[in-house]
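Engineer: Would you mind keeping the following structure in view while I ask a few things?
The values are calculated or read from the model by the stated rules, or taken from the named source; none is laboratory data. Source: prediction; values computed, not measured. Virtual Cβ from ideal backbone geometry, glycine too; neighbours counted across all protein chains shown. Heads up: the accessible areas ignore ligands, DNA and RNA and are worked out on the full protein's heavy atoms, side chains in. Shrake-Rupley method; radii C 1.70, N 1.55, O 1.52, S 1.80 Å.
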Amino acid sequence: MNCGADENLLDIENLTKVFSLRQGFSTTKLVAVDKASFFLKATKPEIVALAGESGSGKTTVARMILGLAEPTSGIIRYKGKDLTQLTHRERRSWFLKEVQPIFQNPFTTFSPLKRIETYLFETAFNYHVVEKENVNQYVDDVLGLVGLSLVEILGRYPNELSGGQVQRVSVARALITNPSLLVADEPVSMVDASLRMSIVNLFRKLRDEKAVSVLYITHDLATAYYAADRVAIMLGGWIVESGSVEKVLGHPLHPYTRSLKQSIPDPDPDRKWEGRVNLAILETDEFVNMGCKYASRCSEAMEICKQKIPADFLVEERTVKCFLYEDNNQA
Ligand SMILES: Nc1ncnc2c1ncn2[C@@H]1O[C@H](COP(=O)(O)OP(=O)(O)OP(=O)(O)O)[C@@H](O)[C@H]1O
Ligand SMILES: [Mg+2]
């Protein structure tokens, strides 16, 4: 999924995060994100799903994009700019407006003691997005995008709204700065099934009508299939397969993606991947030497899979990190 930085809205290249964990007197290292590369196009707004089981590194990727965690190595470029090179001023007056987060639990995004509209007005004032006299109209317009209005939420506290409404307000808060990219980490996992599709549909509407791109992080293959244009599948910090949703989820090639697809026969938003990656806490060197991270679970594992790390091979219009495709070109 690599292409020139100029063409992309977001470029992630060999992104790596190693956590040092204290265990008694010794320190061990955990590789949470391991040379992950993917991109979001600039030419056309798109929804890219970052999907994978629990512990595969999705949130850590999101936190690094948002500047909440520092990469150990690798590059994150937004509109061609290396994020580590941004000045404080560029980060505040440009990047933080352009790239907005949406988190999993809308009820932890908002304090129960604060009226919910306060967040929308504060964001509008802090980022100077509108003149004071026009702010009510502006906030009402943004709420309109998520199917709400100012009168509906005015003076109400988060617990006086439904889960779906609160998550809509959190999307509205993210839209106040008129961003180009939403980084949405499990935005539907805390809302019930009927509301889940309405949030996912909202992302599609924002993509189509407001030219907002979305990095949609999820466990949920079904909503990824439904909503995303492209998908990157994570396993143990790697991106093991990436490409268009039709290719990767329609006809998966990596044995791990295939097993995921088999575990969800129908696009049913109620189903979640229950699997957990038991990332052993290993020294970095040990980790690097141990071959494919899926080998111990893979029914098609060959001898080489336990000895060497597979490259990303270009197969049928997607990248696959698997020795089964070694005869194909490297990405
Ligand atoms: N601050 C931290 N310190 C140490 N280890 C961490 C830290 N944050 C995450 N990890 C570890 O990094 C790995 C990846 O975690 P991450 O939260 O990115 O996974 P995830 O794919 O978002 O999982 P989930 O689907 O459960 O949200 C896990 O093994 C996790 O325990
Ligand atoms: Mg997570």
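Engineer: Does residue 14 fit the bill of being touching a Phe, Trp or Tyr at 6+ places or on another chain (Cβ under 6 Å), over 20 Å from residue 256 (Cβ atoms) and of a type outside the set (Val, Ile, Thr)?
Structural biologist: So residue 14 fails the test.
Engineer: A further question on this structure: Specify the residue that is surrounded by the most Cβ atoms within 10 Å (Cβ to Cβ); the eligible residues are those in the stretch 45-100 that are in a helix (DSSP H, G or I) and within 16 Å of ligand 2 (Cβ to nearest atom).
Structural biologist: Result: 61.
Engineer: If a residue must be out of contact with any strand residue (DSSP E or B) (no Cβ under 9 Å at 6 or more places or on another chain) and either open to solvent by 70 Å² or more (accessible area, probe 1.4 Å) or outside any helix (DSSP H, G or I) (or both), how many such residues does the stretch 101-129 contain?
Structural biologist: Matching residues across the stretch 101-129 total 16.
Engineer: Also, I was wondering about something else. Of the residues that make up the stretch 130-146, is at least one open to solvent by 80 Å² or more (accessible area, probe 1.4 Å) and within 16 Å of ligand 2 (Cβ to nearest atom)?
Structural biologist: Looking through the stretch 130-146, none of the residues is open to solvent by 80 Å² or more (accessible area, probe 1.4 Å) and within 16 Å of ligand 2 (Cβ to nearest atom).
Engineer: Further, regarding this structure: Which residue out of 194, 189, 198 is of a type in the set (Ser, Thr, Tyr) and assigned to a loop (DSSP other than H, G, I, E, B)?
Structural biologist: 189
Engineer: Answer with yes or no whether residue 160 is within 28 Å of residue 112 (Cβ to Cβ), surrounded by fewer than 23 Cβ atoms within 10 Å (Cβ to Cβ) and more than 16 Å from ligand 1 (Cβ to nearest atom).
Structural biologist: When the stated conditions are applied, residue 160 passes them.
Engineer: To continue, here is another question. Residue pairs, Cβ under 7 Å, 6 or more apart or interchain, first in the stretch 137-164 and among the hydrophobic types (A, V, I, L, M, F, W, C), second open to solvent by less than 60 Å² (accessible area, probe 1.4 Å) and not in a helix (DSSP H, G or I). List them.
Structural biologist: 142/176; 143/149; 153/116; 153/161; 161/116
Listed here are the residues, each with its yes/no results for (1) within 25 Å of the chain's Cα centre (by Cα); (2) of a type in the set (A, V, I, L, M, F, W, C); (3) at pLDDT below 95; (4) buried (at least 17 other Cβ atoms within 10 Å of the Cβ).
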| residue | (1), (2), (3), (4) |
| --- | --- |
| 268 | yes, no, yes, no |
| 291 | no, no, yes, yes |
| 307 | no, no, yes, no |
| 322 | yes, yes, no, yes |
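Engineer: Which residues, counting only those in the stretch 9-28, are over 17 Å from residue 236 (Cβ atoms) and among the β-branched types (Val, Ile, Thr)?
Structural biologist: The initial filter retains those residues of the stretch 9-28 that are over 17 Å from residue 236 (Cβ atoms), namely 9-11, 13, 20, 22-27.
Result: 27, single match.
Engineer: From the list 217, 239, 199, which one is within 19 Å of residue 324 (Cβ to Cβ), open to solvent by less than 20 Å² (accessible area, probe 1.4 Å) and β-branched (Val, Ile, Thr)?
Structural biologist: 239
Engineer: When you look at residue 42, is it touching a residue at least 60 places away in the same chain (Cβ under 8 Å) and among the aliphatic types (A, V, I, L, M), yes or no?
Structural biologist: no
Engineer: Would you confirm, using the coordinates I've provided, whether residue 185 is within 16 Å of ligand 1 (Cβ to nearest atom), closer than 17 Å to residue 202 by Cβ and either open to solvent by 40 Å² or more (accessible area, probe 1.4 Å) or touching a Ser or Thr at 6+ places or on another chain (Cβ under 6 Å) (or both)?
Structural biologist: yes
Engineer: Tell me yes or no: at least one residue of the stretch 18-38 is away from ligand 1 (no atom under 15 Å from the Cβ), open to solvent by 40 Å² or more (accessible area, probe 1.4 Å) and not in a strand (DSSP E or B).
Structural biologist: yes
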